[in-house]
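First comes the structure, then the notes that go with it.
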Amino acid sequence: MTHEPRQLLLNPGPVTLTPRVRAALAREDLCHREPEYAVLHQDVVARLARVYPQAARTHVPILLTGSGTAAVEAMVGSLVPANGKALVLCNGVYGERMVSMLETQHKAVEPLRWGWTERWDVTAVEKALDANRSITHVLGVHHETTTGRLNAVAQVGRVCRARNVAFLLDAVSSFGAEDIQFDEWNLEACAATGNKCLHGVPGIAFVLARRKALEERGSGATCMYLDLHRYWKEAASGQPPFTPAVHVMFALQEALKEFEEEGGQPHRLKQYQALAHQVMQGLASMGITVFLESPDVYSSVLVSYRVPEGVSYATLHDRLKDAGFVIYAGQGQFHGTIFRISTMGDVGSADMERLLSVIGDVLKASPSPSFPTTR
Ligand SMILES: *Cc1c(COP(=O)(O)O)cnc(C)c1O
């Protein structure tokens with residue numbers, strides 16, 4: 001069977017699959033109560049544990065069926081105790097999402113908010129922690145996908161470590177590509193997914209949680225289906241408590257094999273950086289600039305750009321889609337003013353070359369030239 005020309009996904013997950021990962025979806029049907037599933041499950045757990053080798057001694061991957069948000073909610077619901085208090089660092093959609101999770105769970109939450117184009121102010125975090133000693137957890141987003149900013153997690157992590165406050169990280173759009181330091185940042189857990197930087201299929205997400213926290217906290221979860229402690233306990237027998245997305249698990253196993261063969265996280269970071277720079281430079285030469293204050297505040301995974309004058313986001317999106325590229329709109333307040341390009345998944349330099357040439361054509365065809373001469 002031959003395939004149509006591929007539609008390349010340049011949105012921040014799900015990603016364009018490799019043929020090998022897609023083929024894994026079509027493997028034999030498997031009952032999750034049979035020993036063959038236990039072998040698959042344990043293999044995926046072992047591979048996830050060594051994505052960041054230093055985490056393997058202290059943290060355990062807990063697999064869930066759901067999207068990245070399920071993993072974040074499992075982390076928040078299972079590790080922030082009912083009598084705990086959370087300081088949530090917010091500069092975008094995903095920080096706000098953790099605030100609403102805590103509110104839904106009726107937990108004490110103190111949001112520390114900045115504008116969505118602003119960076120975290122680490123001194124403000126220190127002040128908030130010193131002013132409120134009852135804070136048990138700091139929650140933050142590693143890569144805030146709203147804008148593409150890589151947040152100052154290393155600095156905040158060190159602040160948490162110095163004060164012995166647990167740090168919970170939404171690493172959904174960074175796990176597998178960006179650097180993560182589990183011990184140095186005092187990470188009690190991070191939440192992630194199989195279908196962003198790991199190049200799997202949507203449907204499986206996971207939390208890497210400190211074993212000690214799971215042991216000490218016990219099953220104090222404020223949710224039943226997403227109780228991490230229960231998944232962790234029952235996974236020891238190789239079986240999850242509920243029906244997992246078995247075929248998606250096959251695909252994740254294959255994606256992790258590919259990931260390891262290619263050179264793991266350091267390789268993926270380099271590959272993403274190269275593609276992001278290629279696109280950034282190409283667009284800059286057409287007069288399209290990055291949205292945030294400077295190119296170096298971005299993650300390797302996604303960059304936000306200003307929609308050029310004289311072109312609407314809808315036109316840009318539709319013309320690119322006709323040419324086989326799916327880009328991503330701005331969320332919330334940024335809708336229509338920015339567009340986002342992620343370079344995760346099975347895409348390469350030649351694809352980016354073609355993307356740039358199509359964008360060039362769209363600009364040339366736009367009624368008023370986007371090249372600013374009168375500004
Ligand atoms: C993608 C993403 C999520 C989860 O989104 P889902 O649609 O549930 O997969 C959470 N946090 C961040 C930072 C993300 O980029």
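The values are calculated or read from the model by the stated rules, or taken from the named source; none is laboratory data. Nothing here was measured: the structure is a model prediction, and the numbers come from that model. With ideal geometry, Cβ positions are generated from the backbone for all residues, glycine too; neighbour counts draw on all protein chains shown. For the accessible areas, the whole protein counts, side chains as well, though only heavy atoms, and no ligand, DNA or RNA atoms are used. Shrake-Rupley method; radii C 1.70, N 1.55, O 1.52, S 1.80 Å.
At a glance:
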read-out	value
Residues of the stretch 58-102 classified as closer than 17 Å to LEU187 by Cα, within 16 Å of the ligand (Cβ to nearest atom) and of a type outside the set (Gly, Ala, Ser), total	7
Among (1) within 16 Å of the ligand (Cβ to nearest atom); (2) farther than 30 Å from LEU17 by Cα; (3) at pLDDT 95 or above; (4) not charged (D, E, K, R) - the single one CYS223 does not satisfy	(3)
Residue check for VAL44: part of a helix (DSSP H, G or I) and under 19 Å from the mean Cα position of the chain (by Cα)	yes
Matching residues in the stretch 23-36 - criterion: being in a helix (DSSP H, G or I) and more than 27 Å from ASP346 (Cα to Cα)	PRO35, GLU36
Number of positions in the stretch 136-159 that are part of a loop (DSSP other than H, G, I, E, B), buried (at least 21 other Cβ atoms within 10 Å of the Cβ) and away from the ligand (no atom under 16 Å from the Cβ)	0
Condition met for GLN278 (open to solvent by 30 Å² or more (accessible area, probe 1.4 Å), at negative phi and not aliphatic (A, V, I, L, M))	yes
Count of residues meeting criterion [more than 16 Å from ALA74 (Cβ to Cβ) and either away from the ligand (no atom under 11 Å from the Cβ) or open to solvent by 10 Å² or more (accessible area, probe 1.4 Å) (or both)] in the stretch 162-195	17
Of residues in the stretch 291-332 being closer than 24 Å to ALA274 by Cβ and among the acidic types (Asp, Glu), the one surrounded by the most Cβ atoms within 10 Å (Cβ to Cβ)	GLU293
Qualifying residue in the stretch 244-259 (condition: assigned to a helix (DSSP H, G or I) and either loosely packed, with under 14 Cβ neighbours inside 10 Å or among the β-branched types (Val, Ile, Thr) (or both))	yes
Filter result for ARG20 (open to solvent by 20 Å² or more (accessible area, probe 1.4 Å), part of a helix (DSSP H, G or I) and in contact with a Leu (Cβ under 6 Å, 6 or more places away or on another chain))	no
